[in-house]
Amino acid sequence: MSTSPKSMSTHKGPNPSADAYREILRECASFNLRKASRVVTQLYDDILQPTGLRSTQVVILVMLAVEQESNMARLARQLLLSPSTLSRNLGPLQRDGLVEVHHTGKRGKSVILTSVGTKALSAAFPYWQEAQAKFTTLVGATAWSKLSRQLAKTTTAARS
């Protein structure tokens with residue numbers, strides 16, 4: 001059964017009420033998680049702004065700092081990104097000399113953190129700490145700890 005908007009428009013039956021649509025906005029996991037993600041990302045990005053890095057870029061650099069080197073497929077899996085989205089995200093980091101991408105033959109591409117990237121990440125670290133502290137203060141340390149565990153469970157459940 002197709003679920004495209006065109007096929008859905010042929011559904012016969014009463015149209016949902018405004019209350020039903022308000023319930024979607026209140027209860028929709030996708031909408032509410034994305035809304036929370038956008039506002040939290042903006043908080044981090046605002047604090048990281050002096051570094052020239054966005055929070056999404058910091059996470060990529062952190063992953064590479066931990067891994068030392070990663071192939072693109074593994075990095076995309078770890079970040080839960082499509083390979084094309086990862087490539088787009090790596091573009092500015094590569095342009096600015098923070099990462100290098102090397103072709104590894106048939107197996108794809110390898111990504112490494114450069115010394116410039118290591119310095120940029122070190123410079124961004126106190127800003128990330130400030131953002132994390134601000135977020136934790138706003139949400140509450142206990143609430144964040146519980147939410148963090150629940151988000152991990154949610155991610156695992158939604159992927160299965």
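The values are calculated or read from the model by the stated rules, or taken from the named source; none is laboratory data. Every value quoted in this text rests on a predicted model; they were computed, and no experiment measured them. Reconstructed Cβ throughout: ideal geometry from the backbone, glycine too, with neighbour counts over all protein chains shown. Ligands, DNA and RNA are excluded from the accessible area calculation, which covers all protein heavy atoms including side chains. Shrake-Rupley method; radii C 1.70, N 1.55, O 1.52, S 1.80 Å.
Within the stretch 28-51, count every residue that is under 18 Å from Pro92 (Cα atoms) and touching a residue at least 24 places away in the same chain (Cβ under 8 Å).
Of the residues in that region, 3 qualify.
Among all residue pairs at least 6 apart or on different chains, which show Cβ distances below 8 Å where the first residue, located in the stretch 146-160, is open to solvent by 60 Å² or more (accessible area, probe 1.4 Å) and the second is part of a helix (DSSP H, G or I) and among the hydrophobic types (A, V, I, L, M, F, W, C)?
Within 8 Å, the pairs are Leu147/Val139.
Might you let me know whether the stretch 89-98 holds any residue that is of a type in the set (A, V, I, L, M) and at pLDDT below 95?
no
For the structure I just gave you, tell me whether Leu93 is touching a residue at least 40 places away in the same chain (Cβ under 8 Å), assigned to a helix (DSSP H, G or I) and surrounded by 15 or more Cβ atoms within 10 Å (Cβ to Cβ).
In short, no.
Got a sec? Which of Pro16, Pro50 is assigned to a loop (DSSP other than H, G, I, E, B) and either open to solvent by 60 Å² or more (accessible area, probe 1.4 Å) or of a type in the set (S, T, N, Q) (or both)?
Pro16
I'm trying to understand the selection: among the residues of the stretch 52-99, which are within 14 Å of the chain's Cα centre (by Cα) and basic (Lys, Arg)?
Arg54, Arg77, Arg88
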